[in-house]
Amino acid sequence: MLLKKKFTWRDFRYWILFSYLGWMHDTVYYRRIYFVHKERVPRPGEPLVVVANHQNALNDPLAIEFGFRSRIVSIFARADIFSNKFVGNFMKFLYILPAYRMKTEGLESVGRNRESFDEAHDRLLRGGTVAIFPEGTNQDKHWLGDFSQGYLRMAFGAAEKSGFTEEIKILPTAIHYSNYFHMQSDMMMVSGEPISLMPYYELYKVKPRTAMREVNHKVRDSVSDMMLNITDLENYDAIDYLRGSYGVRFARDNGFRPGVLPEKLEADKLFVSRLDALRQEHPDEAAEIYRDALRLKEVTEKYRVRDWNYDRRYGKAAKVLWAAIMVLLLPLFVYALIPNVVAYFAPKRIVGKFDAMGGPFRLFAGGIQFALNALLVLPILYGAVFVIDLFSYHWIYAVAHLLALPWLGVFAWHYRLWYIKWRGERRFARAASCGDMQEAIRLRESLWSRLDEVMKR
């Protein structure tokens, strides 16, 4: 829903950019996108505050922007991003609002949130949508941090501005990814039941902190229930490794399809809950399992193979056939690289800085790469290729090539993955004779058998 009554030139430009970026996001960057319980989202025109977990930096607001297609979503973002005039104006063009936080902008800047909140109030009372990540910063693990109550001060403030006549709803939302860093992975959003603030208006008038605390607790519990929340951070690395390896087998054994992200999420939640129960009831046994899992992870990463290599032992004929198909597709791969290979490497210098910083900063890499490619690199490269084709060949070829370029880029990406898997299979076959790899194979069989027993209790 538009925030203005008339469709203006600004709205037209926003719609063009939004449509283009949405197509790149949903089709080229991701392989599959799932929106679970979309029917729970209130209809456009109802004031709505979307509250979500924050686990993938820039990718999270992009997921919300393009997930709620029938609305213009005003997202709160870190205020320091607006310090650059060009970037700030672009963010405002996208209806993004600055959020001033004491940790990043200092205590003296927090008072400027009133301006952003006033703007958010107006947008909500015109039937708009505001989104916020109350953890304040993105996490680098599958877990949920504490929620600040700033979003509730903003939401109740809008209700108060209306004289408590307008119903403001909070929509708990969970975002989940099959992979944080690579394109052509899967992403999903889950909507919880909307929480109306109207039943809390009277309490808020006399005890605002109590009202906000009750709603905040309810919202956070809803988000936590919908996402994968690994609270055992001490053993996080072992648990995360097991859910990505043994968890595939566990999913199948319990009737889930591990290749379908919503089902894999439900299987992971069940798996992690049973590991938590094991740690509480049999801490020594859990500690031994986690210790062996980390040892298995160490050897697997040492030889640069994947867990599926242990199960998928291809014969010589299959390997030769695989190599033959790769050779047959090699000319198409080379053709697809032009100019898509430039788009892959062009943002690396900027993206690499965030990778080097480590921790939560690494999660900026995917979103920055997407933004730079979609807004700058690909339009320039594809435009240049189109002009060259137009003057060198027939215009029909130029148009066909231009339309095919994104799909050629997707093919080149998957060809690269196929090659990596083929190389990993050969690497595993050579490493299988090594002493520590043989130990890892035996350790994996023993560990999987113990986990089978634990999961059946």
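The values are calculated or read from the model by the stated rules, or taken from the named source; none is laboratory data. These numbers come from a predicted model, not from an experiment. FYI the Cβ positions are ideal-geometry reconstructions off the backbone, even for glycines, and counts take in every protein chain you see.
Of note:
- Only listed residue being closer than 17 Å to TYR290 by Cα and either of a type in the set (Asp, Glu) or in the same structural domain as ASN373 (by TED's automatic domain parsing) (or both), chosen from ASP452, ASP436: ASP452
- Looking only at the range 422-451, residues that are under 30 Å from PHE271 (Cα atoms) and free of Cβ contacts under 8 Å to residues at least 12 places away in the same chain come to 5 in all.
- Any hit, the range 273-286, residues being under 24 Å from the mean Cα position of the chain (by Cα) and within 21 Å of LEU447 (Cβ to Cβ): yes
- Qualifying positions in the range 389-434 - under 25 Å from LEU321 (Cα atoms) and among the polar types (S, T, N, Q): SER433
- Test result for TYR180, under 20 Å from GLY67 (Cβ atoms) and in contact with a Pro (Cβ under 6 Å, 6 or more places away or on another chain): no
- Within the range 78-89, no residue that is farther than 22 Å from ALA131 by Cβ sits with its Cβ atom under 8 Å from a residue that is in a helix (DSSP H, G or I) and at pLDDT below 75 at 6+ positions apart or across chains.
- Members of the range 60-93 found to be under 20 Å from PRO360 (Cβ atoms) and either assigned to a strand (DSSP E or B) or not assigned by TED's automatic domain parsing to the domain that holds GLY127 (or both), listed by number: ILE75, PHE76, ALA77, ARG78
- If you go through the range 427-442 and pick out every residue that is of a type in the set (Lys, Arg) and either exposed (fewer than 13 other Cβ atoms within 10 Å of the Cβ) or touching a strand residue (DSSP E or B) at 6+ places or on another chain (Cβ under 8 Å) (or both), you end up with 2.
- Filter pass, ARG457 being among the basic types (Lys, Arg) and in a helix (DSSP H, G or I): no
- Failed criterion for GLU166 (all others in (1) in contact with a helix residue (DSSP H, G or I) (Cβ under 9 Å, 6 or more places away or on another chain); (2) not in a loop (DSSP other than H, G, I, E, B) hold): (2)
- Hey, LEU152 outside any loop (DSSP other than H, G, I, E, B) and modelled with pLDDT of 95 or more or not: yes
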